Structures are given as structure tokens and as C-alpha cells.
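See structure below.
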Amino acid sequence: MSDRVLLVDDDPNILAAFKRQLRKKADLQTALSGAAGLEILKSGGPFAVVVTDYCMPEMNGIEFLAQVRRIAPDSVRMLLTGSADLAAAIDAVNQGNIFRFLTKPCASEELLKVLAVGIGEYRRIHKERKFNKRTRRWLRQAMEVQQCLLPSKSSCWQELDIAGRSVFCDQTGGDYYDYFEKSETGGPIVSVVVGDGSDPGLPSALLMTTARATLRECATRPGSARQIVGHVNRRLAQDVQDTGRFMTLFYAEIERSTRTIRWVRAGHDPAILYEPRTGEFAELNGQNGLPLGVFDEAAYEEHRRELGPEQIVVIGTDGIWEACNLQGRLFGKRRLQEVIQAHAACSAAEMVERALDELQRFLHPLPVQDDATLVVVKLGG
């Protein structure tokens with residue numbers, strides 16, 4: 001075995017016997033006390049397995065292994081103990097400080113078998129740690145790519161102030177938002193999109209990437225909002241129909257010259273419409289179609305409404321209003337409406353920040369349990 005083993009015992013005869021019997025079968029290093037073992041561990045580590053006697057002066061085996069756990073948490077810890085010390089050894093194992101204990105006297109063949117198991121455990125831990133480190137690096141890179149795909153700042157088109165933000169509960173999120181300009185006969189149109197994957201994390205983030213690319217591709221060609229959402233659904237269904245994954249979507253087009261909004265819902269909650277001059281709220285609901293990716297031939301309805309001066313359109317995901325705090329209370333849509341009403345005079349970007357700040361205050365000390373996304377569209381006077 002190439003993995004190194006540290007054996008600690010205050011009896012030099014026992015150490016000499018083990019070194020003699022295992023010299024060709026294990027890469028063994030010894031120490032005569034817990035303090036000496038810690039010095040070797042610090043200066044000459046790492047060791048796959050650390051084995052110590054329980055009954056030693058100044059520092060017993062359990063105390064020594066507690067220090068080993070702090071200095072070298074990946075090392076597999078084992079305890080040699082006499083029958084009189086079994087209760088203490090069993091208690092240490094139950095507390096998670098020791099991987100295995102051996103009763104004395106311990107034959108070299110038995111020790112060799114247990115060392116092989118311990119080295120196998122060390123290799124598993126080391127491999128898992130390397131995999132987790134690599135996975136975290138991949139997830140950070142995926143998050144960076146995903147963040148680059150989201151609008152980096154608010155946008156102001158003539159008569160429109162738009163801003164959005166996502167708070168992810170994982171390194172990558174299943175929520176998605178976008179806004180971009182498309183030109184059609186009859187005047188410039190701004191598309192606003194909010195999507196919510198079936199679960200947070202990397203699979204939904206990949207689904208979001210496909211939806212974004214398809215939507216932006218469709219925006220370069222003539223077509224109604226209903227046709228665009230239908231095309232995106234067919235594309236996603238080809239990829240995920242047999243996986244059980246899907247995403248909800250609220251897709252809106254705002255024609256700036258006529259202040260007309262057209263929208264399609266694919267399993268998504270209605271948008272909120274706020275009229276600051278009267279303090280009244282309404283919903284942009286209408287018929288709700290199937291979430292994207294469920295059925296490739298799903299049909300979607302397009303709805304239309306005239307917008308008035310200074311009105312505010314708010315599109316979000318259920319990670320906001322379904323957020324639950326420690327007291328078991330939901331954030332709710334009414335609380336979101338109160339934030340919108342209180343900050344209606346602010347810019348779209350400020351309204352988004354105020355709403356998400358209020359959400360995090362409501363949840364404190366809990367983090368968000370689901371991705372939370374909010375987009376605010378403010379019309380000029």
C-alpha cells in the first residue's frame with residue numbers, strides 16, 4: 001500500500017513489533033506520544049490513516065484524535081484500546097470522532113486488514129473532496145455564464161423604464177428574465193420575459209438558456225406573441241418532454257407608440273398592473289396555457305390591453321410570494337403590492353431592489369428557499 005500510516009503508542013516495544021511485521025506491507029511511521037504524533041502530522045503529513053493507543057500519559061488517544069481531526073480532517077482515525085477502555089472508545093465512535101476501534105492485543109494480520117479498509121475510506125474521502133471542489137468550480141463558472149445572459153442593468157426606452165433581478169437559492173438558478181427591443185411594421189416593440197424552471201439548479205438553468213436563445217431568435221422574425229411562445233414550447237418539448245422538466249413563462253410585448261401590451265401566459269402567474277393615480281391594482285391574467293416543454297402541440301392565447309400614463313407592470317416568480325419565514329407566514333402578493341405602492345415614485349431599478357430587500361428582511365435569518373425574480377416596467381407620463 002502506498003498510502004502512509006501514522007501509528008502512535010507510548011510503548012516502544014509495541015511500535016517496534018508493528019514496524020517489523022508490517023515493514024513490507026505498509027508505509028508506516030511511528031510516534032511515542034500524542035504530542036510527537038501531532039508534530040509529525042504537521043510537518044510530515046498527510047497520512048491516510050492515524051492509529052493510536054487509548055491509554056497514554058499526558059494526552060490519551062481520544063484527545064489526540066480530536067486534535068488530528070482538527071489538523072487533518074481527511075485522515076481516517078482509529079483507536080487501539082484495552083477491554084477496560086471499551087466504553088470510552090464506543091462513545092468516541094458514536095460521536096463521529098473515530099472511524100474504527102481495535103481491541104488489544106491486536107495481531108498484525110488484523111491490523112493490516114483494518115488499515116486496508118481505512119486507506120480505502122481515505123481514498124474515497126479524497127476523491128469525493130476533489131470531485132466536490134471541481135463541481136463547485138464548474139457551478140461558479142456556470143453561474144458566471146448565466147449571469148452574463150441576464151440583463152446587466154435597467155433599460156430606458158422612450159416612455160419605458162425597465163429593470164429586473166433574480167435572487168438564486170443555489171449557485172445556478174432556474175428563473176429567467178429578459179427584455180429586448182424588436183422592430184415590426186407599426187412601430188418599435190419591447191419584449192419582456194419572465195420564466196420559472198420546474199426546480200432550481202443547473203438543469204433548469206440549462207433549460208432557461210435554451211428558452212432565451214430561442215426567444216431572441218424568434219424576435220428577429222415576424223410573428224405574434226402567441227406564435228413566438230408556441231415556437232419556444234415546441235423547441236423545449238423536443239429536449240425535455242420525457243424528463244418531466246418544464247418551465248413557466250410570462251411573455252409580453254409592449255408597443256411604445258400605442259402604449260399597448262400583448263401577453264401570453266404559459267403556466268405562469270399573472271402580472272400585476274398598478275395605477276398610481278388611483279392606487280388600484282389589477283392583474284394581467286387571461287387564459288393560462290400549459291408550461292413550456294410539457295406538450296409540443298400545446299396552444300396559447302394572446303391577450304391585449306391599453307396601458308395608461310405612469311402605470312406600472314410587475315412580473316415575478318412564485319419564489320417571492322410563496323416564500324415562507326420562520327413563523328410559517330407567506331410573503332404573499334399583498335405584501336409585494338404594498339412595496340410597489342410605497343415606492344411607485346422610484347425608478348424601476350429602485351423598486352426591484354426595495355421589493356427584494358423586503359423579501360430578505362421578511363425571511364431573515366433564512367435564505368431564499370426558491371429562486372425569486374422580479375421585473376418592473378414603468379410607463380412615462
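Values for this structure:
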quantity: Segment 4-133: relative contact order in percent, alpha carbon pairs under 8 Å with at least 6 residues between; calculated: 23 percent
quantity: Estimated distance in nm for a label pair at residue 243 and residue 213, the labels positioned 7 Å out from Cα along Cα-to-Cβ; calculated: 1.3 nm
quantity: Theoretical FRET efficiency, 1/(1+(r/R0)^6), r = Cβ-Cβ of residue 350 and residue 199, R0 30 Å, to 0.05; calculated: 0.45
quantity: Simple spin-label estimate for residue 304 and residue 180 in nanometres, 7 Å along Cα-Cβ; calculated: 2.5 nm
quantity: All-pairs alpha carbon distance profile, the chain, 20 Å steps from 0, percent; calculated: 24, 33, 21, 19, 2
quantity: Farthest toward positive dipole pole in the chain [+1 Lys/Arg, -1 Asp/Glu at C-beta], among 237, 324, 288; calculated: 237
quantity: Cβ-placed point charges (K, R +1; D, E -1), dipole of the chain about Cα centre in debye, nearest 20; calculated: 1240 debye
quantity: Dipole of the chain, positive end: most advanced residue of 118, 228, 337 [Cβ charges, Cα centre]; calculated: 118
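Every read-out reported here was derived from the displayed coordinates using simple, explicitly stated rules and does not represent laboratory data. This is a predicted model, so every value here is computed, not measured. Quick reminder, even Gly has a Cβ in these numbers, built from the backbone with ideal geometry, and neighbours come from all protein chains shown.
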